[in-house]
Amino acid sequence: MKNFAFLSLILILALKSFPQGHFIVAYTGAGQDQMRIIVTSATFDGFNLEAGDEIAVFDGTICVGVRILTQSIIFGASSTYQVIAASREDAGESNGYVPGHPITYKFWDSGNNLEISGITPVYLDQYTQLPITAPTFSTDSPPVFVKLSVSKPVANAGPDQSPN
């Protein structure tokens, strides 16, 4: 009985030691009808996101996919690109994307404990890497390639602005 209690304690401690990300997807399991989003660049105020930071994919307020980075993503270095699998909702559930809805993103800056929205996506043709029209969520889409960026807002009270 002592061994069972000891092993149970070890198991509980081991499970708690795995890091939990900031963003939690709405679905359970592997999801369904996944749309693959390949992130070719992710920057905040001109700097690459780093290991431990997160990129989340949203349909409105529903988190439908997330990736915790293990390294920075470097545009042009395809081995650093990150794939996020966004899952379609189950019938009658609000636990995934709805085909035709717009795709939005959020970052989690783990070093500063900061959630960042207002991400600007630039979608790229997978062969030419030229910008294309923003896609919507789709169950039969080929992989979507995207560069993500956001900048800190600038407080600019110039001569044409009033503080009141």
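The values are calculated or read from the model by the stated rules, or taken from the named source; none is laboratory data. Everything quoted here is computed from the prediction, not taken from an experiment. Quick reminder, even Gly has a Cβ in these numbers, built from the backbone with ideal geometry, and neighbours come from all protein chains shown.
Taking the criterion of being of a type outside the set (A, V, I, L, M, F, W, C), part of a loop (DSSP other than H, G, I, E, B) and in contact (Cβ under 8 Å) with a residue 60 or more places away in the chain, the residues of the stretch 99-125 that qualify are S110, G111.
Would it be correct to say that K152 is modelled with pLDDT of 95 or more and touching an Asp or Glu at 6+ places or on another chain (Cβ under 9 Å)? So K152 does not fit the description; no. Annotation: V98 fulfils all but one of (1) in contact with a Lys or Arg (Cβ under 9 Å, 6 or more places away or on another chain); (2) exposed (fewer than 14 other Cβ atoms within 10 Å of the Cβ); the unmet one is (2).
When you look at R67, is it under 28 Å from K152 (Cβ atoms), under 13 Å from the mean Cα position of the chain (by Cα) and basic (K, R), yes or no? Spelling it out, R67 is indeed under 28 Å from K152 (Cβ atoms), under 13 Å from the mean Cα position of the chain (by Cα) and basic (K, R). Among the residues of the stretch 62-74, those that are buried (at least 16 other Cβ atoms within 10 Å of the Cβ) and under 15 Å from T43 (Cα atoms) comprise R67, I68, L69, S72, I73. Each residue in the stretch 65-95 was checked for being without any contact (Cβ under 8 Å) to a residue 40 or more places away in the chain and either touching a Lys or Arg at 6+ places or on another chain (Cβ under 8 Å) or hydrophobic (A, V, I, L, M, F, W, C) (or both), and 5 pass. Return the residues of the stretch 124-138 that are surrounded by 15 or more Cβ atoms within 10 Å (Cβ to Cβ) and more than 17 Å from I103 (Cα to Cα); say none if nothing qualifies. Residues satisfying the conditions do not exist here. Of the residues making up the stretch 126-137, those that are of a type outside the set (A, V, I, L, M, F, W, C) and in a loop (DSSP other than H, G, I, E, B) are Q126, Y127, T128, Q129, T133, P135.
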